[in-house]
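As structure tokens, the structure follows; a few thoughts come after it.
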Ligand SMILES: NC(=O)C1=CN([C@@H]2O[C@H](COP(=O)(O)OP(=O)(O)OC[C@H]3O[C@@H](n4cnc5c(N)ncnc54)[C@H](OP(=O)(O)O)[C@@H]3O)[C@@H](O)[C@H]2O)[C@@H](O)CC1
Ligand SMILES: Nc1ncnc2c1ncn2[C@@H]1O[C@H](COP(=O)(O)OP(=O)(O)O)[C@@H](O)[C@H]1O
Ligand SMILES: [K+]
């Protein structure tokens, strides 16, 4: 969070004292008021049918000793001025933001400490809203015991929580969660989205995320550490045939996937590739009959990739099985001079030194288990520190890496560029074979000439959207079938552009610190 701090300092030096906090608190209070007004209200023991609204609503503030607590206190004062009954629980009464506390008390806000056990319990039980201002970007390590205890009491009480800037207990820089952390329905964050709001496991603690502009954007660095492509950015990347196009100029993707045991992986990989914008899909391997039966437009050969004809990219790995022949196949494909995507069984036993000698781009698409094997660590460690894992993988293997899972992250081997977090997707995508569709799709985008980072980002974006657009529950086949709809959604040419469909002529990855 050093970049945010630097940006804040630069801006604060030019503004009257307290301006940024006033802006932050105003945005926070407005979001709380909206939430209270729209909530049906939760029944409590003493008010079984009451509907929450701002006037008379019971609001509990959890206040740490930094500026995060200050934001909560000032926002609480604003809500109290509009008729809410606001009570602050001060973790360190002597260190709570003095001006914020005075503002709250001036408008009739009450104050408790965690030592007031029964009052705090009944406050949390009856609260219509809890505002978590325990700790924000100044938080380090897991929550300290008193803060962790308070977070647990809030969880037990079940009131909806609005987190200030970040849910307390999540790591702002990495999205890691060490120990108890607040789970929010809404996080109101200031100036810029922090990695902890985009990367799991922290992301699931944040709930919906609302970004309040406090005027920080011009001060933020031009190259952020983490970026996410919006639909308009993806639309600008997607290949479109021109009047001069023919199938070869549009790019040909080769698929070396599937085996006698797993022919379906070949079919699904081809399905993804046919929806990725390449002009033709070649399949080389033992599942050609299955592929042709489903997709007669595929150019099928049963020999090795070398004899399949010219391609502009290869996808190798899905459904190859564990036999040594799989390794030989991967080695053969890696020996070509075109971009290569390695997935699934192809990732087993990859040699980092071999990959580093390739001049054409290599894209690896592991899930957490495969990433763990490549790094020599455990799946749990990868899942708890995704950002670190994807960076480490791309560095060690000198390749672009797309790490799949609840948050899909994409890293380029150039450490100066931002890691990309994919903003689309649904847990329904955790269905057998959906990764095969993704690798075919990304390989197809590689063949059409996109750099590996862009091909991977665009593929993850479309694949995630297709997962949401396919009828519930989706299967890998229906995810592939929904890809044209996902293209239409992204390019704004289909039925309704939804929240992702804002067409814009220039790519603008939104910056994160
Ligand atoms: N700067 C600006 O212009 C603007 C900043 N804004 C707001 O300020 C926030 C940043 O404020 P900040 O820098 O005061 O840090 P903050 O997040 O409150 O945490 C520090 C406190 O937490 C404590 N603490 C630390 N670790 C802990 C742990 N594990 N478990 C428990 N406690 C822990 C630490 O204790 P200490 O180490 O001092 O004993 C200290 O008291 C930012 O997120 C945003 O909300 C907005 O108003 C917009 C303008
Ligand atoms: N919890 C989740 N939330 C969102 N997407 C998920 C989740 N779990 C898996 N996915 C996505 O589902 C796909 C599964 O791919 P993969 O693990 O390779 O499965 P398979 O090998 O069966 O094809 C990936 O795109 C991954 O990002
Ligand atoms: K917080």
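Data table
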{"read-out": "Matching residues, segment 428-449, being within 15 Å of ligand 2 (Cβ to nearest atom) and in a loop (DSSP other than H, G, I, E, B)", "value": "430, 431, 432, 433"}
{"read-out": "Breaking point among (1) over 18 Å from residue 23 (Cα atoms); (2) free of Cβ contacts under 8 Å to residues at least 60 places away in the same chain, for residue 187", "value": "(1)"}
{"read-out": "Qualifying position, being touching a helix residue (DSSP H, G or I) at 6+ places or on another chain (Cβ under 8 Å), modelled with pLDDT under 95 and crowded, with 24+ Cβ neighbours inside 10 Å, among 266, 278, 287, 273", "value": "278"}
{"read-out": "Condition check for residue 67: within 13 Å of ligand 1 (Cβ to nearest atom) and either buried (at least 17 other Cβ atoms within 10 Å of the Cβ) or under 30 Å from residue 387 (Cα atoms) (or both)", "value": "yes"}
{"read-out": "Condition met for residue 464 (within 19 Å of the chain's Cα centre (by Cα) and either surrounded by fewer than 24 Cβ atoms within 10 Å (Cβ to Cβ) or modelled with pLDDT under 95 (or both))", "value": "yes"}
{"read-out": "In segment 239-255, the residues that are assigned to a loop (DSSP other than H, G, I, E, B) and in contact with a strand residue (DSSP E or B) (Cβ under 6 Å, 6 or more places away or on another chain)", "value": "247"}
{"read-out": "Candidate set: segment 309-328, residues that are away from ligand 2 (no atom under 16 Å from the Cβ) and in a strand (DSSP E or B); chosen: the one nearest to residue 278 (Cα to Cα)", "value": "313"}
{"read-out": "Residue check for residue 296: surrounded by 19 or more Cβ atoms within 10 Å (Cβ to Cβ) and assigned to a loop (DSSP other than H, G, I, E, B)", "value": "no"}
{"read-out": "Meets criteria (part of a helix (DSSP H, G or I), more than 25 Å from the chain's Cα centre (by Cα) and under 26 Å from residue 451 (Cα atoms)) for residue 267", "value": "yes"}
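The values are calculated or read from the model by the stated rules, or taken from the named source; none is laboratory data. Here the structure is a predicted model, which is why all the values come from computation and not from measurement. Positions of Cβ are generated from backbone atoms using ideal geometry, with glycine treated the same way; all protein chains shown enter the neighbour counts.
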